[in-house]
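To start, the structure itself, in structure tokens.
The values are calculated or read from the model by the stated rules, or taken from the named source; none is laboratory data. In this text the structure is predicted, and so the values were computed from the model without any measurement. So basically every Cβ, Gly included, is an ideal-geometry build from the backbone, and we count neighbours across all protein chains shown. Protein only, heavy atoms only, side chains kept; ligands, DNA and RNA dropped before computing areas. Shrake-Rupley method; radii C 1.70, N 1.55, O 1.52, S 1.80 Å.
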Amino acid sequence: MKLAILVGDRREVEAAGYFRGWVEEVVIAGCPVNLVPEGIGYTRGLPEALAGARLVVGPVLGLDSSGGIKNAYGCEMKLEETALASMQKGGLLFFGSSNPALEVAAAAAGVRVIPYRERDDFAILNSIPSAEGALQVAMENLPVTLHGSTALVLGLGRTGLTLARMLCGLGARTVVVARNPAQLARAAEMGCCPVPLRNLGAVIREGTVVFNTIPALVLNREVLGKAQPELLIIDLASAPGGTDFAGAGELGLKTIWALGLPGKVAPRTAGRAIFQVVASFLAREFPEEFADVKSLPTS
Ligand code: NAP
């Protein structure tokens, strides 16, 4: 069986190493040849990579607006129907995210797209390097320790929960701000200070650092105007983020929009998460063909 890895950034390069030995043939496209892990076949481009593949694993980053694969190494790869049609019929295409054009091309080529970025199992594993990376950014930019500081975590979803737990472990006074009562109840259970989102303006002045995980404009000018001038804002939310960055700049507040942290701070762990999620999916849906990942090492 052939599996093709289409690289977006270092994460997929690292993922390739985990797939090695799990299926007979693993090939890779979209990275410089010197990065290709041992035992992985290097291909010059997408058509060669896809030909005869039963499985394709694409990048967490997904596609750009013109349908090209987002790629950190300047490699241009476009998933067109002709290339997809060279895959095995019934093949599976794992991609961070999908779009209608990809779905149409895949259906015409007789292959199935499985978007994995928003799956809970991936997002929870991915939250670990995200949260560690956020702490690293905070430590590099604060003049004080997180221990003893007041850290606000906006949103208690998959990323916020992991981050809040780590902050508690470091001894930060952790304030969780959310609109969802169940998340506030969880925050209380964890020993954090729960604050309804509508009260963000009242609580922000207590913050040494704010970590935002809410993908909506919650740190608006009115709220920012109540912050103390030394506040550090680390926004983790994907575009367009949750901060009025221009407004914060005018108020003299320091903001860092820290995107793509897993690939930057722990690409191997992030690559392993891709492998784990793909392998678990296959072991569950096709148990006779694919081994379970339970027997794998944990790092
Ligand atoms: P998630 O599990 O869906 O959590 C999102 C949180 O935001 C939840 O608490 C959710 O609560 C809340 N929320 C969503 N829309 C809201 C709104 N309009 N108003 C108030 N609260 C709202 O998402 P996640 O996996 O944690 O990811 C969070 C963000 O971080 C996403 O933008 C994701 O792309 C990004 N991310 C960034 C990195 C990085 O490296 N920077 C890494 C991972 C993820 P409700 O139940 O109230 O909706």
Size of the stretch 182-250 along its principal axes in angstrom, Cα-based, largest extent first? 37, 25, 18
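Dipole magnitude of the stretch 91-227 about its Cα centre, charges +1 at Lys/Arg Cβ and -1 at Asp/Glu Cβ only, in debye to the nearest 20? Spell out each step's value before the answer.
Values: 12 positive and 9 negative charges, 64 e Å.
With Lys and Arg at +1 and Asp and Glu at -1, about 300 debye.
Normalised by the number of residues in the stretch 127-262, what is the relative contact order in percent for Cα pairs under 8 Å and 6+ residues apart? If you can, show how the numbers build up before the last one.
Numbers: 276 pairs, mean separation 31.6, N = 136.
Answer for the stretch 127-262 is 23 percent.
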Quick one: if you take sqrt(5λ) for each eigenvalue of the C-alpha gyration tensor of the stretch 122-201, what semi-axes come out, biggest first, whole angstrom? 19, 16, 11
Can you give the accessible area per residue of the chain, in Å², using a 1.4 Å probe? 45
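Please compute the contact order of the chain in relative form: average sequence separation of alpha-carbon pairs under 8 Å and at least six residues apart, divided by the residue count, as a percent.
Working: 616 pairs, mean separation 42.9, N = 299.
Result for the chain is 14 percent.
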Along the Cα→Cβ direction, 7 angstrom out, place labels at K226 and K254. What is the inter-label distance in nm? 2.4
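Quick check: with the 1.4 Å probe, what order do E250, E132 take by accessible area, largest first? Working shown, then result.
Numbers: E250 135, E132 110 Å².
Ranking E250, E132 by accessible area, largest first, yields E250, E132.
Under the classification rounded if a/c is under 1.5, otherwise prolate if a/b is larger than b/c and oblate if not, where does the stretch 127-262 fall, given a ≥ b ≥ c as square roots of the Cα gyration tensor eigenvalues?
Numbers: a/c = 1.29, a/b = 1.17, b/c = 1.11.
Because its axes are fairly even, with a/c under 1.5, the stretch 127-262 counts as rounded.
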How compact and how long is the chain, expressed as Rg and Dmax of its alpha-carbon atoms in Å? 21.1, 60
Taking only the alpha-carbon atoms of the stretch 33-174, what semi-axes of the equivalent ellipsoid follow from 5 times the gyration tensor eigenvalues under a square root, in whole Å, largest first? 39, 17, 13
What figure, in Å² to the nearest 10, do you get for the accessible area of K264 with a 1.4 Å probe and non-protein molecules left out? 150
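Quick one: ranking M1, M139, M190, M77 by accessible area, 1.4 Å probe, largest first, what do you get?
Values: M1 65, M139 110, M190 40, M77 15 Å².
Result of the area sort, largest leading: M139, M1, M190, M77.
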Qualifying lysines (Cα of each under 28 Å from Cα of K70; at least 8 residues distant if same chain): K2, K78, K89, K264
Would you be so kind as to identify all helices of the chain, as entire DSSP H runs, whose Cα atoms reach 18 Å or more along the helix's own axis and whose mean Kyte-Doolittle hydropathy is at least 0.0? 120-141, 158-170, 267-285
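Could the peptides 63-69, 235-241 be put in order, highest first, of the mean number of other beta-carbon atoms found within 10 Å of their residues? Present the calculation step by step, with values, prior to reporting the outcome.
Numbers: 63-69: 13.7, 235-241: 18.1.
Result, highest mean first: 235-241, 63-69.
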Other residues with Cβ under 14 Å from the Cβ of R119 give, with Lys and Arg +1 and Asp and Glu -1, a net charge of -1
Per DSSP H run of n ≥ 4, the term is -39500 (n - 2.57); total these for the chain, divide by its residue number, and report the mean residue ellipticity at 222 nm rounded to 500 deg cm²/dmol. -10500 deg cm²/dmol
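How much space per residue, in cubic angstrom, does the convex hull of the C-alpha atoms of the stretch 79-149 take up?
Values: hull volume 8.8 nm³, N = 71.
Each residue corresponds to 124 Å³ of Cα convex hull volume.
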